[in-house]
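Remarks on the structure that follows.
The values are calculated or read from the model by the stated rules, or taken from the named source; none is laboratory data. These numbers come from a predicted model, not from an experiment. Cβ coordinates were reconstructed from backbone atoms using ideal geometry, including for glycine residues, and neighbour counts include every protein chain displayed. Only protein heavy atoms, including side chains, enter the accessible area calculation; ligands, DNA and RNA are left aside. Shrake-Rupley method; radii C 1.70, N 1.55, O 1.52, S 1.80 Å.
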Amino acid sequence: MSDQLTTTTDVTLKIDGFEVTVPKGTLVIRAAEKLGIQIPRFCDHPLLAPAGACRQCLVDISINGRAFPKPQASCTIPVENGMEVKTQLTSTVADKAQKGIMELLLINHPLDCPVCDKGGECPLQNQAMSNGNGQSRYEGVKRTFEKPVAISSQVLLDRERCVLCARCTRFSEQIAGDPFITLNERGALQQVGIYEKEPFDSYYSGNTVQICPVGALTGATYRFRARPFDLVSNPSACEHCASGCAMRTDVRRGKTLRRLAGDDPTVNEEWNCDKGRWAFKYESARNRITTPYIRDESGVLREASWPEALSEAAKLLLNAKSAAVLMGGRATLEDAYGYSKFARIALQTNDIDFRARLNSNEEREFLANARPNATYKDIDDADHVVLISFEPEDESPIVFLRILKAVTKRKLAVTVISPIKSRGTEKLKANFISASAGFELKAIEKVDGLTNRSVILIGERALETEGLLSSVEQLATSKGAKLGWIPRRAGEVAALTAGAIGNLLPGLRPVQDAKARVDVQTVWGINQLPTKTGKSTDEILKDSDVILLGGVDANDISSSAKSQLSNKKIIAMDIRFGTSTEVAHVILPVASVVEKNGTFLDWQGKPRSFESAVESLNRSDVRILSMLADEMKRPINLPTVKAAANEIAQFDKWEKSTSNWHVSGTNTENLNLGPTEAILNSWRLLLDRGSLQEGEDNLAGTARKTIIGLNRTKAEKLNLVEGELVKISADSVSISAPLKIVETEENIVWVPRNSTGAQLVSKFSKPSGIKVSVSKA
Amino acid sequence: MSSANFTSEQITKMDQIIARYPRSRSAVMPLLHYVQSIFGYVTDEGIEFIGKKLDLATAEVNAVASFYTQYKRKPVGEYHIGICTNTLCAVMGGDAIYSALKDQIGSEHDGVSADGKVSLEHIECNAACDYAPVMMVNWEFYDNQTVESAKEFVEKARTGNPPAPTRGPKKLRTWKENSEVLAGFSDGLANEGISAGKASLLGLSKMKNSGNN
Amino acid sequence: MSKLVSVLTSNWEKSDSFTISGYQRDGGYKALEKALKMKPDEVIQLVKDSGLRGRGGAGFPTGNKWGFIPQGDNKEHYLVVNADESEPGTCKDTPLLMANPHVLIEGIIIASYAIRANHAFIYIRGEIVHVVRRVQQAIEDAYKTKLLGKNILGSGFDLELTLHAGAGAYICGEETALLDSLEGFRGQPRLRPPFPAIAGLYAKPTVVNNVESIASVPAIIDNGVAWFTSMGTEKSKGFTLYSLSGHVKNPGQIEAPLGITLRELLEIAGGIRAGHKLKFWTPGGSSTPIFTDQHLDIPLDYEGVAAAGSMLGTKALQIFDETTCIVRAVLRWTEFYKHESCGKCTPCREGTWWLVQALADLEAGRGSEADLDKLLDLCDNIAGRSFCALADGAAAPIISSLKYFRAEYLQHLQNGGCPFDPVAATLFQGSLT
């Protein structure tokens, strides 16, 4: 973007008589902002290429005394030395030009502000007041259109309100790479629209609603629900993935009504994904747990008081032969720290694992010893980005946007190792290396052109191939490339840092290191810590008899996890009823993200702190854990989130790691595939059956459909045609979905991991790398 | 969208169009003309197939198609008549001709006669002002029109026997046939018709007559 | 008639003027042979020295435009010929290409050689099929005779030439809109800078020239700078095509040195049609402020017309006699600009929408004198405020007509409608049934 060129040269100019010095390439409108001079504008957006379309920002400009013959659009003109700019404040020509444009913008604009979502926070409304004439001279006929048009299940378009600034179409094309909304027709009939049969199914469509300077694009869920001036806005952080988006949560009378992308140039810039924006009803869902429960002798859950439930839970834990903690990936740093400390002090064990999902011991070693160091900035500066077991558009959408930005702006080279060529891979114009889960090691050998400016991003799914995490870490180290590990969930990096895993204490301190234990003992004021490396998730499920579950969904772990849990005594801390509460003996309700303070660490390890947005009686996990520990007479002394945060701050990062943790995988495993068989591959799509998306019907409407993907050769050999219903089977279970021809290897079949009709983790022995048979359904 | 609606010959021609350009996207416009030569107008299947051919979202193709007046999103007649009603032609008689044809065909702007033979629209200046009032049929020149001559054209066109263009081939080609020429495929008729009409030669003949040069 | 010349039009009356054999028989492609023996920079210099200025309306010196192309930049260069002739009143390139497409092709090869382009494009408007045919055939024949393709005339110079038909959008005559259109986008103007000479077609250095400009090049190469500069006026050198249309006895194309007057042109055209007198005219298409019978002796060159408050434009002289209602004429032009506004910027898109309604009211006799001032103020808010010059063109007829014919506007208001009989203005007046 011309206004963001980094340069060492500065330019000095005068605006309305005031001198200002800005970097070369800065646009006049931006230089004016620096002086606090607000030039009205609609099409201008600092993250989009200049358009000069609305003409609202006209100013008078002269350079070294030579004046432009007519007013210039300040959003398109870069500053120059000797430039003198006169805005509406000092030039009657500019002032009249701006008022003239405003009058023209309003001649066809409806006077429906009282019923328009944008009313009260509308740039058109505001600037019509600040930079317009009080009265219109237009007496003609206003342009009308049929309204509203649903351009997707979640975005509605009111064309007569549109000022044709093209922010939405430019965003879709330039930022999201989804040119599904376009300017159509011509002249006075020009209008934003979709191709009728192809809705605006972009994962980023909500941003267009946010940057629309009028009420032309509105969110289906929020439409007609609130007035901006009735809302209380709170800065917040997104809980949906590890991208780390800054957010804004708008609340009215204790209820979240909408969420918007916050502005953090180092993370999400000003964008977010539709899941982050539109999946929040879970927090007020009917299945929210509002009171503690205890399961009585007959197996029925009954409401209980807090003292009763805490006492029951304490009793179970104190009487356990082997108590352990399992956590989901969505805890805040402070809550995860609470679980970590609770396990060590109250349960006197290292048997804790935040990986209530697929996991491996190699992964645990990787997490303890590898030191991922990549950042968004490294992507901005990279000469090559390699993606392994990681589909950023689905699994960390803002990371995707950041890579796409570099691809668009400076043709960044991207290599993707993945089973199938996804739409994201196509948008990144990536060098695609097809590799099935279990067989990526060979593919890695094909990656070349790595330097110390390169970035390797590896996803959580890498654990599903033995030796992959080891090889990738070694590859990055040998080339000096930056390495990023990107888990799917927002809480994982924090949980790791908090030591919510069997081989680590807070601050990445190894359990087995005596000095590390002394550090922790000092902060905690205790003499002793358990020294035995803790159990991992699978071992806990197998061996522990009492388990404290913190935000765990058994269906995330494996097809057998729920039945394993049902044989144990379970204390479930959660926000909603689900698989964990079905097997629980004691249920303790906790606060949802909007109800509490806390901090996530994004994939870079950057803290994303937020305050509670709504008032609630629900308490953060750490507070309840502290009460439970008190009840057990083994206090952890973390009565508040703040107390936990203060204590965490006392741990500096432990930089030492061991180098002999690597596992060597095999490249030669032969699955002996029969002609009707293929290797199952999958990942989770951004929009799917994820539990935090429950009840978001508008959002679900834009989810990509469940398909079974094969390459053309394989499909032809099996006599299958694109679109027909196909079945994959293994372990005497099967799923069916329409066939889609995808770019992949012949031995691969791809299915979304957690979409409607295809919830693989709870269905098959493994969601990837296993042999399945493929046939007509 | 499969290629089922297009013959292999048609697909070959589309590939020829694409091959003319250093970047394939440039082929959008000739491909749209070509789609009109097949269907008579820009159909959904045409838009979708072009998107597929050029690796563009259908929305992008649709955005281009809807920008240009010559691309029709519904069928036109075999003989599509355009009457210039820009100022000069309108004043010189274009308005009268347009209104007479409207009555005759009984259709509105961009409408088609009941028999599907002729359709009518008013057009902007067609670069033949020295032959005003101008009528275009399938984008061939019919110069110096009167109400009578235009009405006569419609009558004859309806019987399948339209008069030939003033400056153009000996026989008027259909809308679809001419669309194929616009898509860049020669119909071999370039050598038919005159080099220049009388008005084009005004200065030249004056000069020759006055004995200069 | 000593004022006239025949260079571009010289062979138009021959029945095979548009064929390659006809063109070559009359000396066609000789200039190309000469040019290919020169160094490219010498060709550019020669065209610069000739003073040839763009014939598409803006009048920018053609040689300078070529000289802006950075050389030795290891990038592809492109020549794009603007044959999207659509400005109301303009009708010179169309007969030129119908009668003599090869002179354009010869000019294209010379120009491409000069700017080191190996691919040239002709963007021709799509509403003139027979002209498309002629150019298509000419290109085909030029390829067959090795005038296009690899190693042209053994010079080692290669050139591909692609004909691209537009599809009905006046705005594509604007050079950056034309480039977007040629790239397969909606034809909306681009932000400048970068100018096409730096980042034009496919973001590569590009020259965009009008048909007549390029078609004038072979003759300049052939006959030399002195020959060309012997014609025309001090700053407007050479000859050009003047297109007379409307209420004249014999409308048509007149090739003459720059600087001829309307009085002289009318004489050639046999005067205003019998029994009538000149009322108003456009010197260079509808986007140029109108003139009246006060301006008969203005020299029709770039400077002369500008000094009198208009623009030479495309030298499209639309002549209207006293039977024509000025309000009707201006309203119709305004409807044209509304129809052709690309929609990108506010003043043009919304402004033309409003102007049409305002003028329609005035034509119907609705409103008061204050509405005329409002109309002028509206033009002030539109002209010079828009993204490209289309809106300036839309305002020009309104502003200039109010300057010369304010009384006639008022007459509509007093009359409660248009006082003119539209039949009287038609060519076939009296024969209407």
Checklist outcome for this item: Of the candidates A:Val214, A:Val209, A:Val192, the one satisfying the condition of being within 14 Å of chain C (Cβ to nearest Cβ) and outside any strand (DSSP E or B) is A:Val214
Item to check | Top-ranked residue of the stretch C:175-195 - restricted to ones that are part of a helix (DSSP H, G or I) and buried (at least 24 other Cβ atoms within 10 Å of the Cβ), ranked as farthest from the other protein chains (Cβ to nearest Cβ) | outcome: C:Glu175
Checklist entry - Taking the stated definitions as given, is A:Asp264 surrounded by 14 or more Cβ atoms within 10 Å (Cβ to Cβ), touching a Gly at 6+ places or on another chain (Cβ under 7 Å) and of a type in the set (D, E, K, R)? => result no
Item to check | Selection within the stretch B:97-135 - in contact with a Phe, Trp or Tyr (Cβ under 9 Å, 6 or more places away or on another chain), open to solvent by less than 30 Å² (accessible area, probe 1.4 Å) and within 10 Å of another protein chain (Cβ to nearest Cβ) | outcome: B:Cys125, B:Asn126, B:Ala128, B:Tyr131, B:Pro133, B:Val134
Checklist entry - Going by the structure shown, is A:Arg186 within 25 Å of A:Leu124 (Cβ to Cβ) and in contact (Cβ under 8 Å) with a residue 40 or more places away in the chain? => result no
Next on the checklist: So for the stretch B:153-171 (the condition being facing chain C (nearest Cβ under 10 Å), in contact with a helix residue (DSSP H, G or I) (Cβ under 8 Å, 6 or more places away or on another chain) and over 29 Å from C:Val423 (Cβ atoms)), does at least one residue qualify?
Outcome noted: yes
Checklist outcome for this item: All conditions in (1) small (Gly, Ala, Ser); (2) crowded, with 22+ Cβ neighbours inside 10 Å; (3) within 12 Å of chain B (Cβ to nearest Cβ) are true of C:Ser236 except (3)
Checklist entry - Can you tell me which residue in the stretch C:197-211 is farthest from the other protein chains (Cβ to nearest Cβ), limited to those that are surrounded by fewer than 24 Cβ atoms within 10 Å (Cβ to Cβ) and either of a type outside the set (Gly, Ala, Ser) or closer than 21 Å to C:Gly149 by Cα (or both)? => result C:Ile198
Item to check | Candidates C:Asp371, C:Asp377 - the one that is at the interface with chain A (Cβ under 9 Å from one of its Cβ atoms) and more than 25 Å from the chain's Cα centre (by Cα) | outcome: C:Asp377
Checklist entry - What are the pairs, 6+ residues apart or on separate chains, where a residue within the stretch B:17-30 that is over 23 Å from B:Thr43 (Cα atoms) has its Cβ under 8 Å from a residue that is acidic (Asp, Glu)? => result B:Pro22/C:Glu76; B:Arg23/C:Glu183
Checklist entry - Of the numbered conditions (1) in contact with a helix residue (DSSP H, G or I) (Cβ under 6 Å, 6 or more places away or on another chain); (2) within 14 Å of another protein chain (Cβ to nearest Cβ); (3) within 24 Å of C:Gly284 (Cβ to Cβ), C:Ser50 satisfies every one except a single condition; which is it? => result (2)
Checklist outcome for this item: Of the residues in the stretch A:428-476, those that are of a type in the set (Ser, Thr, Tyr), crowded, with 19+ Cβ neighbours inside 10 Å and over 24 Å from the mean Cα position of the chain (by Cα) come to A:Ser434, A:Ser436, A:Thr465, A:Ser470, A:Ser471
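Residue-by-condition table, conditions (1) exposed (fewer than 14 other Cβ atoms within 10 Å of the Cβ); (2) over 32 Å from the mean Cα position of the chain (by Cα); (3) farther than 30 Å from A:Ala176 by Cβ; (4) not acidic (Asp, Glu):
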{"site": "A:Val28", "(1), (2), (3), (4)": "no, yes, no, yes"}
{"site": "A:Ala31", "(1), (2), (3), (4)": "no, yes, no, yes"}
{"site": "A:Arg41", "(1), (2), (3), (4)": "no, no, no, yes"}
{"site": "A:Arg55", "(1), (2), (3), (4)": "no, yes, no, yes"}
{"site": "A:Phe68", "(1), (2), (3), (4)": "yes, yes, yes, yes"}
{"site": "A:Cys75", "(1), (2), (3), (4)": "no, no, no, yes"}
{"site": "A:Met83", "(1), (2), (3), (4)": "no, yes, yes, yes"}
{"site": "A:Thr90", "(1), (2), (3), (4)": "no, yes, yes, yes"}
Checklist outcome for this item: Restricting the stretch C:336-368 to residues that are under 25 Å from the mean Cα position of the chain (by Cα) and aliphatic (A, V, I, L, M), the one least open to solvent (accessible area, probe 1.4 Å) turns out to be C:Leu355
Item to check | Residue, nearest to the other protein chains (Cβ to nearest Cβ), within the stretch C:145-174, restricted to residues that are open to solvent by 30 Å² or more (accessible area, probe 1.4 Å) and without any contact (Cβ under 8 Å) to a residue 24 or more places away in the chain | outcome: C:Lys150
Checklist entry - For the stretch A:635-649, which residues satisfy the criterion of being under 29 Å from the mean Cα position of the chain (by Cα) and open to solvent by 60 Å² or more (accessible area, probe 1.4 Å)? => result A:Thr640, A:Lys642, A:Asn646, A:Ala649
Next on the checklist: Which of the numbered conditions does B:Leu56 fail, given that it passes all the others? Conditions: (1) within 14 Å of chain A (Cβ to nearest Cβ); (2) in a helix (DSSP H, G or I); (3) open to solvent by 10 Å² or more (accessible area, probe 1.4 Å).
Outcome noted: (2)
Item to check | Tally, over the stretch C:334-359, of residues that are over 21 Å from C:Gly89 (Cβ atoms) and at the interface with another protein chain (Cβ under 7 Å from one of its Cβ atoms) | outcome: 11
Next on the checklist: Which of the helices (runs of 4 or more DSSP H) found entirely inside the stretch C:329-424 contain at least 1 residues meeting this: free of Cβ contacts under 8 Å to residues at least 24 places away in the same chain and among the aromatic types (Phe, Trp, Tyr)?
Outcome noted: C:346-363
Checklist outcome for this item: If we keep only residues of the stretch B:175-186 that are facing chain C (nearest Cβ under 7 Å) and assigned to a loop (DSSP other than H, G, I, E, B), then the residue surrounded by the fewest Cβ atoms within 10 Å (Cβ to Cβ) is B:Ser186
Next on the checklist: Take the residues in the stretch A:280-305 that are in contact with a helix residue (DSSP H, G or I) (Cβ under 8 Å, 6 or more places away or on another chain) and not in a loop (DSSP other than H, G, I, E, B); name whichever of them is most open to solvent (accessible area, probe 1.4 Å).
Outcome noted: A:Leu301
Next on the checklist: For the condition in contact with a strand residue (DSSP E or B) (Cβ under 8 Å, 6 or more places away or on another chain) and either within 9 Å of chain C (Cβ to nearest Cβ) or of a type in the set (A, V, I, L, M) (or both), what is the one hit in B:Ser205, B:Ser200?
Outcome noted: B:Ser200
